[in-house]
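The values are calculated or read from the model by the stated rules, or taken from the named source; none is laboratory data. All values derive from a computational prediction rather than experimental measurement. Here the Cβ positions follow ideal geometry from the backbone for every residue, glycine too, while neighbour counts run over all protein chains shown.
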Amino acid sequence: MTEKAKEAPENRIQEQIKVHGDPKSSKYKVPDPIVEVNDANLYYGEKHALKNIYMDIPKNKATAFIGPSGCGKSTLLRCFNRLNDLVDSARVEGEILIDGEDIYDPSVDITQLRKNVGMVFQKSNPFPKSIYENVAYGARIAGENRKSILDEIVEKSLKGAALWDEVHDRLHDSALGMSGGQMQRLCIARAIAVEPEILLMDEPCSALDPIATGKIEDLITDLKSKYTIVIVTHNMQQASRVSDYTAFMYLGELIE
């Protein structure tokens, strides 16, 4: 075995993808950014999970995060709505701006932030309620109880998630009886019902069959005209199909 073959895979990869210039340079800047990340670092206790991240995310575009498992894609995604705050050992340094406001400023209303930055998870998580109540949930907890308004929100959101035609005649059936792909689109409908600016998607198709995956991908293409989409995916072809910009991460660093 040659010395090169014996070399650790991590070292070989790092040699091949040596930094493509200064991450603070203009090549990482995009027009009309809604999210600006400036020297962001995240630690889980002593573990340095995200390292000196600089990036802009453009408004009303789809941005994909790609890279091997454990490279920090989902961790960075969760920084944008501060879900990492729920991990006791997590600590964030640096600056993350949304619409020019530092979301880690102590004065930020985290509830309002998470309304503005919705999230769809890898595993669909509908509430054990009816389809209707899943979508109306956000409006209800915000104090909206007028049936006419809730009906309008539910219909608009289900249409926005390309689900209305499939469920309009069974809105009061349990959401847990839906197919996997329908559940994931229901979760998207629930997220957009509160009219966020940004929609985060953490591997939304990883548990779905090809047909359901195709519907989600078509939906992402439609949604980005109204929302800024940030998606984590291991599927390079999917990133190519749905994203306008792609960020490659490795060992907690943004490579390009």
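Some observations on this one:
- Within the stretch 132-143, none of the residues are assigned to a loop (DSSP other than H, G, I, E, B), over 24 Å from Ala49 (Cβ atoms) and under 16 Å from the mean Cα position of the chain (by Cα).
- Answer from Lys61, Lys129 - the residue that is touching a residue at least 12 places away in the same chain (Cβ under 8 Å), of a type outside the set (A, V, I, L, M, F, W, C), surrounded by 14 or more Cβ atoms within 10 Å (Cβ to Cβ) and closer than 21 Å to Asp202 by Cα: Lys61
- Some residue of the stretch 168-185 being surrounded by fewer than 20 Cβ atoms within 10 Å (Cβ to Cβ), among the acidic types (Asp, Glu) and in contact with a Lys or Arg (Cβ under 9 Å, 6 or more places away or on another chain): no
- Check on Lys123, assigned to a loop (DSSP other than H, G, I, E, B) and either in contact with a strand residue (DSSP E or B) (Cβ under 6 Å, 6 or more places away or on another chain) or closer than 23 Å to Val232 by Cα (or both): yes
- Within this structure, Ala193 fails the test of being modelled with pLDDT under 90 and touching a helix residue (DSSP H, G or I) at 6+ places or on another chain (Cβ under 7 Å).
- The stretch 221-244 residues that are in contact (Cβ under 8 Å) with a residue 40 or more places away in the chain, paired with ones that are basic (Lys, Arg) and crowded, with 23+ Cβ neighbours inside 10 Å (beta carbon under 8 Å, 6 or more apart): Val232/Lys73
- Within the stretch 91-121, the residues that satisfy the criterion of being among the basic types (Lys, Arg) and more than 20 Å from Met55 (Cα to Cα) are Arg114, Lys115.
- Count of the stretch 157-176 residues which are under 26 Å from the mean Cα position of the chain (by Cα) and free of Cβ contacts under 8 Å to residues at least 24 places away in the same chain: 4
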